[in-house]
Amino acid sequence: MQDLSRFVMMFLIAVFGVAALFVASKSQEGMPYWAALAFFVFCILLLFKLIAVHGQHGGEAHRQEA
């Protein structure tokens, strides 16, 4: 169940990142453009962190089973 909630969280972060790209594409130069791009980068970094944490926990679970 914990894996399902982690995947849902990762999916929502990816959706928010794509939405930030749409906001950046529709805005002119200025604060909304750069804020949306910064939020997109933040979402990508957060996704990488969640993937890394999931990989560490998944590897420990497989080692305990063997």
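The values are calculated or read from the model by the stated rules, or taken from the named source; none is laboratory data. Source: prediction; values computed, not measured. Here the Cβ positions follow ideal geometry from the backbone for every residue, glycine too, while neighbour counts run over all protein chains shown.
Considering segment 24-60, and only residues there that are under 19 Å from LEU12 (Cα atoms) and either in contact (Cβ under 8 Å) with a residue 24 or more places away in the chain or basic (Lys, Arg) (or both), the residue that is surrounded by the fewest Cβ atoms within 10 Å (Cβ to Cβ) turns out to be LYS49.
Can you tell me which of ALA52, ALA24, ALA61 is modelled with pLDDT of 90 or more, assigned to a helix (DSSP H, G or I) and either of a type in the set (A, V, I, L, M, F, W, C) or touching a Pro at 6+ places or on another chain (Cβ under 6 Å) (or both)? Before you say what the answer is, go through the steps one by one.
On the way: ALA52 fails: modelled with pLDDT of 90 or more; ALA61 fails: modelled with pLDDT of 90 or more.
Criteria check complete, one pass: ALA24.
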